[in-house]
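This report concerns only the one structure given below.
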Amino acid sequence: MAKENPITSMKQLTKIISDSSQKLLSAFLDDTSKEKKAQTILLEQIADACKQQAFVVLQISRSHDSTQPIETITGHVKHNPRKNEMVILTSTTNNNIHMIPIKHIKKISFLDKEKS
């Protein structure tokens, strides 16, 4: 068996540490994975609300600016068959129809018809 050169093993160790720190830094600075996870959870909740035909409360922000007020809209939500990035909300109080981009929805709450 040949002895491993200590300089080669040190270079390998340095490369491993450098690569892992670069990956950690890029994951820390990149919020897209968090946004994608939140987006998939939101889409699952919208699908559940559509399937159950549940009464829905949506909190909507018209912009990404956190200082802008959040609007609250209630009604029944349906998928838009032509655009997957939009949902249709029919208001129960005044029968208004709202087409809402999914990226504007900050929070969704709904009542399950089966449990209530």
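Annotations
- Scanning the stretch 28-37 for residues that are of a type outside the set (S, T, N, Q) and in a helix (DSSP H, G or I) gives Phe28, Leu29, Lys34, Glu35, Lys36, Lys37.
- Number of residues in the stretch 11-56 that are among the acidic types (Asp, Glu) and either touching a Cys at 6+ places or on another chain (Cβ under 7 Å) or more than 22 Å from Asn84 (Cα to Cα) (or both): the value is 3.
- Matching residues in the stretch 1-54 - criterion: being modelled with pLDDT of 80 or more and of a type in the set (Val, Ile, Thr): Thr8, Thr14, Ile16, Ile17, Thr40, Ile41, Ile46
- Residue satisfying all of: in the stretch 74-104; of a type in the set (A, V, I, L, M, F, W, C) and over 10 Å from Val56 (Cβ atoms); farthest from the chain's Cα centre (by Cα) among these: Ile97
The values are calculated or read from the model by the stated rules, or taken from the named source; none is laboratory data. Just so we're clear, the structure is a prediction, and the values are computed from it rather than from any experiment. Please note: Cβ atoms are built from the backbone with ideal geometry, for glycine as well, and neighbour counts cover all protein chains shown.
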